[in-house]
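The block underneath contains the structure these notes are about, expressed in structure tokens.
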Amino acid sequence: MADIPDRRARRRAETKDEILGLALGVMAEEGVAGLSLSTVARRLGVQPPSLYRYFPSRTAVYDALFERGQRQYLDAVRRAAEPHPPGLRALGASYEAGARWIMDNQVLAQLLFWRPVPGFTPSPQAYAPALDIHAHFAGLIRGAVERGELHPDAAGDDGLALAASLIAGLVSQQLANEPDAGWAQGRFTRLVPRLPQVLAAVYPPS
């Protein structure tokens with residue numbers, strides 16, 4: 001009998017995963033802000049009140065998706081940087097891995113990096129991985145400063161803001177203009193490898 005609670009917990013986790021997958025499907029069809037729990041319930045084959053056993057509100061679904069997406073993005077950029085010491089090469093690898101993740105997860109990325117849902121603010125728990133992402137990139141830039149690849153000002157608030165804006169700008173342009181283009185063919189994604197050089201041009205080492 002000891003495994004009954006475990007089976008129930010696994011089944012609950014599986015159902016929550018299924019709900020989140022269905023929610024992403026609805027968001028892909030109706031827009032990120034167009035999520036309807038009634039539609040999700042119908043596709044799951046249950047009555048809408050049954051969903052509240054898993055998520056008490058539409059905001060809770062957004063929150064769970066936000067946390068999941070941020071953790072996936074964080075894992076992607078960390079793994080990409082691992083083969084390199086902190087510095088511009090690791091930064092470039094993380095830029096590319098993050099941009100590729102966004103292009104492969106365009107619906108979820110909208111929730112993470114833009115503000116498509118009026119009034120939605122992620123909970124502290126859901127937002128925690130986003131802070132880890134910021135710390136990851138800040139660490140790589142500090143590493144580049146220590147290696148003599150960037151001026152120390154690059155690790156300041158303005159430098160970190162510029163570093164984030166560079167990749168956000170390219171990806172935003174790609175999504176807005178050529179969302180279905182292949183990575184190498186995209187007018188903007190193919191420029192991602194140049195971003196560390198841009199940052200170094202703005203913050204040349206002393």
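Contact map, region 39-67: first residue over 13 Å from L111 (Cα atoms), second residue among the small types (G, A, S) and surrounded by 15 or more Cβ atoms within 10 Å (Cβ to Cβ), Cβ cut-off under 6 Å, separation 6 or more or different chains; pairs are V40/A23; P48/A41; L51/A41. Pairs meeting the criteria (first residue in region 178-206 and free of Cβ contacts under 8 Å to residues at least 40 places away in the same chain and among the acidic types (D, E), second residue part of a loop (DSSP other than H, G, I, E, B) and open to solvent by 70 Å² or more (accessible area, probe 1.4 Å), beta carbons under 7 Å, at least 6 apart or on different chains) are E178/R187.
The values are calculated or read from the model by the stated rules, or taken from the named source; none is laboratory data. Just so it is clear, the structure is predicted and the values come from calculations on it, not from any experiment. Cβ sites come from the backbone with ideal geometry, for glycine too, and all protein chains shown count toward neighbours. Ligands, DNA and RNA are excluded from the accessible area calculation, which covers all protein heavy atoms including side chains. Shrake-Rupley method; radii C 1.70, N 1.55, O 1.52, S 1.80 Å.
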